[in-house]
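The values are calculated or read from the model by the stated rules, or taken from the named source; none is laboratory data. These numbers come from a predicted model, not from an experiment. Here the Cβ positions follow ideal geometry from the backbone for every residue, glycine too, while neighbour counts run over all protein chains shown. In case anyone asks, the SASA skips ligands and DNA or RNA and just uses the protein heavy atoms, side chains included. Shrake-Rupley method; radii C 1.70, N 1.55, O 1.52, S 1.80 Å.
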Amino acid sequence: MIIAKQLQRSFKRPGASRLKAKSEQYVHAVKSVSFSAQDGRITGLLGPNGAGKSTTLRMLATLIKPESGSATIDGHNVATDVLQVRNHLGFMPHNAGIYPRLTARENIHYYARLCGLDRKNSKQRTGELIEQLEMLTFADRRANGFSQGQKTKVALARALVHRPQTIMLDEPTNGLDVMATRGLREIIRNLAVQGHCILFSSHIMQEVAALCDHIAIITDGTVVMEDSLNGILQHTGQHDLEDAFVHATQSLSNEGIAGDNE
Amino acid sequence: MSMFIVMFKEIIDNLRDRQTVFYALLFGPVLLPLLIGGSLVASFKQMTIDFDEVTTLSVVNANKAPTLIEFLYSKNIDTKEAPENVELSVREGESLVVLEISDDYAHALRNGTPAPLTLHVNNSDKDSTKAARRINAVLNVYEQTISSLRLQHRGIDPTTFDSLNIIQNDVSNEGANGQLLASILPFLFIMSMVMGGFYLAIDATAGERERQSLEPLLSLPLSRTSVVMGKYAATVCFVLLSSVLTAISIYTLFRFFPMEIMGGQVRFDGPSVTRAFLLASPLIPFISAMLITISAITRSTKQAQTYLGILMVIPMAPFFLLQFFNIRSSTASMPLPMLSQYQLLESAVLGDTIPWLHVVLSVTGTLIATAILLFVAAKLYQREKLLD
């Protein structure tokens, strides 16, 4: 389970002059992100490119620290309880990032060992995942010439290797063909059925609509709405998620203008 | 524990990379010693004349000077009839040099006037020049013998004409050749260490950032320090392997080099090379730390190669420094990594005694520098910017 409260994070603008005002030196990548993702559910973090999805996931994955706000993964604080969070979390960043000179099996085995499994258990767990994710045909080939779908499977297997309760996937369907996307959706659904908490980030409406039980809409570093698909449609009075998304993001910018006028 | 898992993975991963393996196992340990050592020995051979070696000289009019021919024979120079066109034959390289005895040689010699001899030489050909130097040297001796005989014949002490008696007393332990060769040894060791770890260090740090495999790695339940130390340990293994191979190849290669032309004292026997390797060994952790730290700053393998390419000047700097300025080994130069090893390794193969204080200072200085670099590397890995 993930609970994020008022997460905030800014970055120094590359090449920003120190002479400029502080607000101009920094980019506010994440301004106010609050949402929750329950166990046994697929939660979608939906937002356009540059909305702050990846930064949010990185904060949750303890890779960067939030400036303010807090978040917990299965009850462990991401800012203070780093190792416990990592133990409970499987994170698949948006680039597969697998080692091309290692085989699929070696890639997974390496992560298993790093997660503290001994040699025997690592081997066993790697075998399990290879079977579970249907990777037998390419498991012992070097990752060099893998297709995007194969790479994604290896990366997903690595994220699952230490049996984390919570799983975060950053735009996992990027670059996948229809069949691979379908296969991946199936895997993600199964994981949710097994009781895992799944956080799934994407900028593709149809994908989120098809897969997610719960949706948090993020734009310009802020989560503007969080509900089930039906809840969001009802709340915005729209018929599909795309219109609802536009409505939700516009209401934010209207509020912003109203705020400026005050 | 996770440090060793990272280490083994990096080693296996990089053993599958042809470029890394080529530089670590072939370039530094084998090609570099062959190239540098081989060309040095070739040039020494060029400079050194072996007067004991029997050679054959083409002579025109050999029958006019039987005594000279006999003298040449006594100096290991056989003679044969010169070809028809002397100048062409020398220019074309058929004969290295040709000695031409003029028709009135015997007449001039009898009358006590300078007897004309012509030595045909091709100065654009190194072998011809070298052969001419040998003949000239022998002819000089012959000339002096005749001169002193003539003087004695006229009742004059030949030493009257030797106004100065210059004795050059070379107090160095070894010849200049040996000195140069000795300074090559640390250069070879250090270069092969750098080349050995170079590509692994780049691949394990900058390469990992470039492949974007660092982000998932750092989100695993292990500390970043053990990640960077694992990568460091893998680099150490490659550098160690590379330097051991270099020691073996230096030992093997110099078996085939003629020792007498290197100026006596310089030794590349088992104990000397082992001593040199041990004195150089603190550089293994130092150079590895340097490689890891520099490439940890960089974002891409290309950037890392550029930075480390500039850094390659550092292993070469002491070599040139010591060539141009004669810096003596002292307690002040010993704590400096690289410089101290250059001096110590030179002494090791020259057979000089090395004070224990110098060894202790060198090891301590190098290890302290290593610790500082590693601390910096660990700090660099804590930065959030690492994932940008």
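For the stretch A:75-139, what is the Kirkwood estimate of the hydrodynamic radius, computed as the reciprocal of the mean inverse distance between distinct Cα atoms, to one decimal in Å?
13.3
Residues of the stretch A:95-129 losing 40 Å² or more of accessible surface, assembly versus chain alone, probe 1.4 Å, please list them.
A:ASN95, A:GLY97, A:TYR99, A:ARG101, A:LEU102, A:TYR110, A:TYR111, A:ARG113, A:LEU114
Per-residue Cβ counts within 10 Å, from other chains only, averaged over A:60-70: what number is that?
2
Taking only Cα atoms, what is the 0 to 90° angle, nearest 10, from helix B:356-382's long axis to the longest principal axis of chain B?
Here the helix axis deviates by roughly 40 degrees.
Can you tell me the Rg and the Dmax, both Å, for the Cα atoms in the stretch B:1-138?
Rg then Dmax for the stretch B:1-138, in Å: 27.3, 95.
First measure r as the distance between the Cβ atoms of B:SER147 and B:ASP78, then evaluate 1/(1 + (r/R0)^6) with R0 = 30 Å and state the FRET efficiency to the nearest 0.05.
Result of the calculation: an efficiency of 0.70.
With 25 Å as the limit, write out which pairs from A:LYS53/B:LYS302; A:LYS53/A:LYS153; A:LYS65/B:LYS302; A:LYS123/B:LYS385; B:LYS231/B:LYS302 have Cα-Cα distances beyond it, or answer none.
Check vs 25 Å cut-off fails for A:LYS53/B:LYS302; A:LYS65/B:LYS302; A:LYS123/B:LYS385.
In Å, what Rg and Dmax follow from the Cα atoms of the protein assembly as shown?
Cα radius of gyration and Dmax of the protein assembly as shown are 38.6, 135 Å respectively.
In the stretch B:1-21, what residues drop by 30 Å² or more in accessible surface going from the chain by itself to the full protein assembly, probe 1.4 Å?
Those residues are B:ILE5, B:LYS9, B:ASP13, B:ARG16.
Using a Förster radius of 30 Å, what is the FRET efficiency between A:LYS5 and B:SER300 based on their Cβ-Cβ separation? Nearest 0.05, please.
0.20
Given a Förster distance of 41 Å, report the FRET efficiency between B:ASP103 and B:ILE354 from their Cβ-Cβ distance, rounded to the nearest 0.05.
0.05
Please report the Cα spread of the stretch B:91-139 along all three principal axes, rounded to whole Å, starting with the longest.
Over the stretch B:91-139, Cα extents along the principal axes are 37, 20, 12 Å.
Which semi-axis lengths, in whole Å and largest first, follow from the square roots of five times the eigenvalues of the Cα gyration tensor of chain B?
Equivalent ellipsoid semi-axes, largest first: 62, 23, 15 Å.
State the antiparallel share, in %, of DSSP beta bridges confined to the stretch A:2-261, rounding to the nearest 5.
So the antiparallel bridges amount to about 50 percent of the total.
Separation of the stretch A:17-79 and the stretch B:99-121 by C-alpha centroid, Å?
100
Taking a probe of 1.4 Å, how large is the accessible area per residue of the protein assembly as shown, in Å²?
48
For B:ARG328 and B:ARG154 in the same chain, what is the full-extension length gain: residue separation times 0.36 nm, less their Cα-Cα distance, in nm?
Stretched fully, the B:ARG328-B:ARG154 segment lengthens by 57.1 nm.
Specify the residue with the greatest mean-square fluctuation among A:VAL27, A:VAL161, A:VAL82, computed from a Gaussian network of chain A linking alpha-carbon atoms under 10 Å apart.
A:VAL27
How would you rank A:32-38, B:221-227, B:279-285, highest first, on the average number of other Cβ atoms within 10 Å across their residues?
B:279-285, A:32-38, B:221-227
Compute the distance from the alpha-carbon center of the stretch A:161-219 to that of the stretch B:187-242, in whole Å.
If you average the Cα positions of each part, the centres end up 34 Å apart.
In the neighborhood of A:ALA61, defined by Cβ-to-Cβ distances under 15 Å, what is the net charge if each Lys or Arg adds +1 and each Asp or Glu adds -1?
Its environment carries a net charge of +1.
List the relative contact order of chain B as a percent without decimals, with contacts defined as Cα pairs under 8 Å and 6+ residues apart.
21
Quick check: the angle from helix A:104-114's long axis to the longest principal axis of chain A, C-alpha only, nearest 10 degrees?
Tilt relative to chain A: about 70 degrees.
What does the average come to when, for each residue of peptide A:78-89, you count the partner chain Cβ atoms lying within 10 Å of its Cβ?
For peptide A:78-89, the averaged partner shielding equals 2.
Which angle from 0 to 90°, rounded to the nearest 10, does the C-alpha axis of helix B:283-297 make with the longest principal axis of chain B?
Taking the Cα atoms of chain B, the angle to B:283-297 is about 60 degrees.
Summing +1 for each Lys or Arg and -1 for each Asp or Glu, what net charge is found among the other residues whose Cβ lies under 12 Å from the Cβ of A:LEU160?
Counting the neighbours of A:LEU160, the net charge comes to +3.
Is the C-alpha gyration tensor of the stretch B:66-147 telling us rounded, prolate or oblate? Criteria: a/c under 1.5 is rounded; beyond that, a/b larger than b/c is prolate, otherwise oblate.
prolate
So how far apart, in nm, are the two label points at A:VAL178 and B:VAL376 if each is 7 Å from Cα heading toward Cβ?
Calculated label separation equals 5.6 nm.
Treating only the Cα positions of the stretch A:2-261 as identical point scatterers, give the base-10 log of I(q)/I(0) from the Debye formula at each q in 0.10, 0.11, 0.13 Å⁻¹.
Log-scaled intensity ratios, in q order: -0.53, -0.64, -0.86.
Considering only protein heavy atoms and a 1.4 Å probe, what is the carbon-and-sulfur percentage of the accessible area of the protein assembly as shown?
Of the solvent-accessible surface of the protein assembly as shown, carbon and sulfur hold 55 percent.
Can you pull out the buried accessible area for chains B and A, both sides counted, probe 1.4 Å, rounded to the nearest 100 Å²?
Using a 1.4 Å probe, the pair buries roughly 2700 Å².
I'd like to know how the stretch B:1-63 sits against the 2.2 N^0.38 Å rule of thumb: what's its Cα Rg over that expected value?
It is 2.37.
Relative to the isolated chain, which residues of the stretch B:213-260 have their accessible area cut by 10 Å² or more in the presence of all protein chains (1.4 Å probe, heavy atoms, no ligands or nucleic acids)?
Listed in order, they are B:SER213, B:GLU215, B:PRO216, B:LEU217, B:LEU218, B:SER219, B:LEU220, B:PRO221, B:LEU222, B:ARG224.
Restricting to the protein assembly as shown, what percent of DSSP beta bridges are antiparallel, rounded to 5?
Approximately 50 percent, going by the DSSP bridge assignments.
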